[in-house]
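The values are calculated or read from the model by the stated rules, or taken from the named source; none is laboratory data. Computed from a prediction, not measured in an experiment: that's the story for all the values here. Here the Cβ is made from the backbone with ideal geometry for all residues, glycine too, and neighbour counts use every protein chain on show. The protein model used for the area step is the full one, side chains on, heavy atoms only, and it has no ligands, DNA or RNA in it. Shrake-Rupley method; radii C 1.70, N 1.55, O 1.52, S 1.80 Å.
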Amino acid sequence: MSTLLTLPPAFTPDDARSIVRRHFGFDGAVEPLASERDQNFRLSLEDGSAVVLKIANAAEEASYLDMQVQLLRHVEAVDPSLPLPRLRR
């Protein structure tokens, strides 16, 4: 199945807030972000920081998502000064 032919996820901001609270222990104001194939939300936390929740398209290959994670980990290890998102483990 192609990610270009499969509709992106359709979670509400309340769903996203609940997911982040339940799985990651964060809470904050939720703002939907634009995305082509996935669904993304920015959560502004009480301490002034922010996190992004990415909900991948169901048709996305796991190896592609893993490559994205490995790329971000590699960049952080090699040059943490680059302004890229950081993964929360």
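If I take the Cα coordinates of the chain and project them onto the principal axes, what are the three extents in Å, biggest first?
If we take the Cα atoms of the chain, the spans are 40, 36, 21 Å.
What size of dipole, in debye to the nearest 20, comes out for the chain about its Cα centre when the only charges are +1 on Lys and Arg C-beta atoms and -1 on Asp and Glu C-beta atoms?
Working: 10 positive and 13 negative charges, 35 e Å.
Charge dipole of the chain: 160 debye, to the nearest 20.
Send over a whole-number figure in Å² for the accessible area per residue of segment 1-72, probe 1.4 Å.
Result: 68 Å² of accessible area for each residue.
Roughly how many percent of the accessible protein surface of the chain is carbon and sulfur, given a 1.4 Å probe and a whole-percent answer?
Carbon and sulfur atoms account for 57 percent of the accessible area of the chain.
Given the -39500 (n - 2.57) contribution per DSSP H run of 4+ residues, what per-residue ellipticity at 222 nm results for the chain, rounded to the nearest 500 deg cm²/dmol? Walk me through the numbers on the way to the answer.
Numbers: 2 runs with 29 residues, N = 89.
Computed ellipticity for the chain at 222 nm equals -10500 deg cm²/dmol.
Can you give the FRET efficiency for Q68 and D15, using 1/(1 + (r/R0)^6), R0 = 25 Å, r = Cβ-Cβ distance, to the nearest 0.05? Write out the running numbers ahead of the final one.
Numbers: r = 22 Å, r/R0 = 0.89.
About 0.65, to the nearest 0.05.
Restricting everything to alpha-carbon atoms, can you work out Rg to Rh for segment 1-50 with a Kirkwood hydrodynamic radius?
Expressed as Rg/Rh, it is 1.05.
At 1.4 Å probe size, with no ligands or nucleic acids counted, give the accessible surface of V78 in Å², nearest ten.
Roughly 100 Å² of V78 is accessible to a 1.4 Å probe.
Which listed residue (A34, P85, L4) has the Cα farthest towards the positive end of the charge dipole for the chain, taking +1 on Lys and Arg C-beta and -1 on Asp and Glu C-beta about the Cα centre?
P85
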